[in-house]
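The values are calculated or read from the model by the stated rules, or taken from the named source; none is laboratory data. Note that the structure is predicted; figures quoted are calculated from it, not measured. So basically every Cβ, Gly included, is an ideal-geometry build from the backbone, and we count neighbours across all protein chains shown. Quick note on the areas: whole protein, heavy atoms, side chains included, nothing else; ligands and nucleic acids left out. Shrake-Rupley method; radii C 1.70, N 1.55, O 1.52, S 1.80 Å.
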Amino acid sequence: MKTTLKYLFIAGLGAVSLSACHRELLNPIPQTSIADVSAFSTPSRVQAQLLSLYGALKNGNFYGGRSVIYGDIRGEDFINETQNLITGSDVWAENPNNSSTAVTTLWSQAYFTINCVNVFLDGMATTGTTVVGAATAANYIAEAKLIRALSYYTLLQYYARPYADGSGAKLGVPLRLTAIKGSGSSDLVRSSVSDVYTQILKDLNDAETGLPLTYTGSTAAYNNTTRAHRNTAIALKTRVYLTMQNYASVITEANKIVSTAAPFTATSGVAHALQADITKVFVAPYTTTESIFSMPMTSTTGDYAGTQNQLGYYFSPTTGNGGTGNGEFSLNASGIIADPGFNSTDKRKTFIKQSGSGATLKNWCVKYPTGSPYTDYVPVIRYSEVLLNLAEAKVRSSNSIDAQAVALLNAVRNRADASTIFTIASFSTPTDLINAILKERRIEFLGEGLRNNDLLRLLQTIPAKGIAPQKAPSDVGYIWPISSSELSLNHLCVDN
C-alpha cells in the first residue's frame, strides 16, 4: 500500500500523534495518557507516527508552500501584485516585523515539526524500537533526524546571520533536542549559528547511516521521491556545506552520488539523473529520479497545502489571465527572465506565461499549473542542484576554471538549451565561471525557493525590485526578527 503522507492519518491516532508533539506558539499541549500508552504500541501505529512527521514538514506554512515561496519573493525575480500582508507583501518588501504572518507562522510550524521529531525519538527509545525491530527502527529514526535537520536549516536561512558572517559565531536559533510534553519548557537561549549547523550535520550524518539505500516494490518511485533515503541525506549535505562555504566537504559529499563524467548519475542507492526533458519533472506523477525529495500533494482534504499557501496560488496568474492561481506575484520583467543568456529556445521558458499587453503585460511563473486545490508536488531538492553545488564548489576550492565544473554546468544547461555549450575557453577567469553557475541557479530554480539562500550565504545585497528597496548585509531587515510569540514565552531568547 502506498504510504501517502497526510497531515492526519487515522482520526484517533492522528489526533494522538499531533497532540503529543504539538507546540503551538511555544504553548505545548500536554501529551495524553492515550498517547503515552498506545501511540507506539503496534507497527502500524509507529509508522503512522513517523509519517505524521512528513505531514508536519509539508504543512502549507512550511515546506508545503510558504517557506519555499518566501525564499523566492525575498529575491529580485518577483514583483508583488496584491499588497496583501497575509500572503507576504511585507516579506517581498523586506520589512516584516516580529508579529508578521510570515515571521510567526514559519517559526511556529518549524518548531512544531522539530518537537514532533523529538517526541517521536522519545517514543522509539522507550517502546517503538522493540515493537518494529532494530532494522526498521534505524530507518525510521534516520528519517526523523533528516526532517529535524531540514527544519533547523530552514530556520537559519531566515532568522539568523549567514554562516559567512563571523564563521558561525553569531546568534542562531534555540536548539531544542528534547521533547516538550508539558508546560515550563519554553525558556532556552539561542545557540550560535555554528552550533546549530553542527547539530544539522550530526543529524544528516546519522541519517545517511540509518536510511535505506532505496525503497523497493510497487511504490518504490513514489517513496524514493517523498520519503528520505540515503542519497537524500547526502544531497542535503551538499546544500548545507555550500551554505557554510565549506567547499571541500561539498565535493566529498557530492562525489558519493555524482559520477566523474557526463552523463552524471548516482551510481549507488537511488539512481538519480537529470531528466532529458525538464518539463517532465513538474508534471504527474512527479516521481522522476531527478526529484530527490519532494512534498506530495493530493486532492484529499487535509493532504494539500491549504488556502493561500500553495505555490500555484501565489505564482500562477488568475483564471481571467489564463492561469489557475491568484496572481500574488508576477515575474520581474527586469529580473532573470530578461537576461540575454536565458534564450527564447530554452525549455525552461515554457515555465513563463504572459498575460495582458502593452502597459498591462505581465510575466508569470507557471511551474505549478494545477488549479485548486493545487496538487503539484513541491520540490525540496533536485539532482540538478547537487550538480551545480558540486560545480560551484570545484571552482571555489581550486580557484580555477575547472573542467568538471564546466561539464556539470553544461549538463544542466544543455538538457534545456542545446544551443548553448560552454567550454573552458568561454571563461576568462574562475570568477566568470562562478557567475555563470550562479546565473544558472537563478534560471534552473526559479520558483523553487533557493534565491534567498544563495544571496545570504554569499553575503550579497538583496537587490531592489519594484518599489522594494535593496537590503545590504548591514541593513536592518537583511534577516528576519524573531517571532513575537517566541519572545513572549521564551524569556531567554533575544531578538535580532
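When the range 73-96 is filtered for residues that are open to solvent by 10 Å² or more (accessible area, probe 1.4 Å) and assigned to a helix (DSSP H, G or I), the ones remaining, listed by number, are Leu85, Ile86, Ser89, Asp90, Trp92. The set of residues in the range 428-468 that are without any contact (Cβ under 8 Å) to a residue 60 or more places away in the chain and open to solvent by 60 Å² or more (accessible area, probe 1.4 Å) comprises Ser428, Thr431, Asp432, Asn435, Gln460. Taken as a whole, the range 168-179 holds at least one residue that is surrounded by fewer than 19 Cβ atoms within 10 Å (Cβ to Cβ), under 30 Å from Gln470 (Cα atoms), of a type in the set (Gly, Ala, Ser) and touching a residue at least 12 places away in the same chain (Cβ under 8 Å).
Only a single item in (1) open to solvent by 20 Å² or more (accessible area, probe 1.4 Å); (2) at pLDDT below 95 is not met by Asn59, and it is number (2).
What are the residues in the range 248-264 that are under 19 Å from Ser291 (Cα atoms) and either open to solvent by 70 Å² or more (accessible area, probe 1.4 Å) or not β-branched (Val, Ile, Thr) (or both), if any? Scanning the range 248-264 gives Glu253, Ala254, Asn255, Lys256, Ser259, Ala262, Pro263, Phe264.
Looking only at the range 318-330, decide whether some residue is closer than 21 Å to Leu57 by Cβ and in contact with a helix residue (DSSP H, G or I) (Cβ under 6 Å, 6 or more places away or on another chain). No - not one qualifying residue is present in the range 318-330.
A quick yes/no check of all residues on (1) closer than 16 Å to Tyr313 by Cα; (2) of a type in the set (Ser, Thr, Tyr); (3) outside any strand (DSSP E or B):
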| residue | (1), (2), (3) |
| --- | --- |
| Lys349 | no, no, yes |
| Lys353 | yes, no, no |
| Trp364 | yes, no, no |
| Lys367 | yes, no, yes |
| Ser372 | yes, yes, yes |
| Thr375 | yes, yes, yes |
| Val386 | no, no, yes |
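Checked against (1) assigned to a helix (DSSP H, G or I); (2) surrounded by fewer than 21 Cβ atoms within 10 Å (Cβ to Cβ), Ser41 passes all but a single condition, namely (1). The set of residues from the range 337-369 being surrounded by fewer than 19 Cβ atoms within 10 Å (Cβ to Cβ) and of a type in the set (Val, Ile, Thr) comprises Thr345, Thr350, Ile352, Thr360. When the range 299-335 is filtered for residues that are open to solvent by 40 Å² or more (accessible area, probe 1.4 Å), modelled with pLDDT under 95 and either out of contact with any strand residue (DSSP E or B) (no Cβ under 8 Å at 6 or more places or on another chain) or of a type in the set (A, V, I, L, M) (or both), the ones remaining, listed by number, are Ser299, Thr300, Thr301, Tyr304, Thr307, Gln308, Thr318, Thr319, Gly320, Thr324, Asn326.
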